[in-house]
1. Determine by what factor the alpha-carbon radius of gyration of region 88-152 differs from 2.2 N^0.38 Å, reporting the quotient.
2. So what is the orientation-averaged projected area of region 22-86, using the convex hull of its C-alpha atoms, in nm²?
3. Residue by residue through region 45-61, which ³J(HN,Hα) values in whole Hz follow from phi under the Karplus form 6.51 cos²θ - 1.76 cosθ + 1.60 (θ = phi - 60°), with glycine and proline marked x?
4. Can you pull the one-decimal nm distance between simple spin-label points at K62 and N125, each 7 Å off the Cα toward Cβ?
5. What are the ³J(HN,Hα) couplings of region 90-99, residue after residue, when phi is run through the Karplus curve with 6.51, -1.76, 1.60 and θ = phi - 60°? Round to Hz, x for glycine and proline.
6. In what order do E145, E122 fall by count of nearby beta-carbon atoms within 10 Å, going from fewest to most?
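Derivation of every value follows stated rules applied to the coordinates shown; laboratory data play no part. Bear in mind the structure is a predicted one, so any value in this text is a computation, not a measurement. Cβ: placed from backbone, ideal geometry, glycine included. Neighbour counts: every protein chain shown.
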Amino acid sequence: MGSSTSKPVETKVFNSNTKINVGSSLINQLEQSIETDYIRSQYTEKFIEEQVSNKIDLLSNKINSEFQSNLLNSFNNNDQEEQDDTSYSKINHKIQNLQDQIITKDLKIFKINDEIIQSKQEIVNCLLNNKDKPLNCWDEVKNFEKFVNQLK
């Protein structure tokens, strides 16, 4: 269905008023040629498909090679960074810095004053009094945040 035409194709001959001189060898060659428009279109389509396939292969190979090189570079950079970061003195220095930070944070934690405790209690009371409307306690929360930020 649909692969062949339902009506036979009629050949049309156009007669010209002017004389056209065509060599007999050209006429013989055209008469003996087995190529039709369909075959030529198939050749053209095949040629285009091959060209597109070649171009896709080239681009794919290029992208793969770039990806591989970027991947290797990133691995090399990560290895270099790990080697730089894993020296004994640097690790000890980082540990010492972290310990110093912990000590200073601990000192700040123990300096909680009465204002913060009072502010915390106000939030708790507000939330208990406004169980249905917890957003009514926003001022108390802001006040508490202000006191906590002063510790930093």
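1. 1.67
2. On the way: hull surface 27.8 nm².
Mean shadow area of the hull around the Cα atoms is 6.9 nm².
3. 5, 5, 4, 5, 4, 5, 5, 5, 4, 4, 5, 5, 4, 4, 5, 4, 4
4. Modelled inter-label distance: 7.4 nm.
5. 5, 5, 4, 5, 5, 4, 5, 4, 5, 5
6. On the way: E145 11, E122 16.
By the 10 Å Cβ count, ascending: E145, E122.
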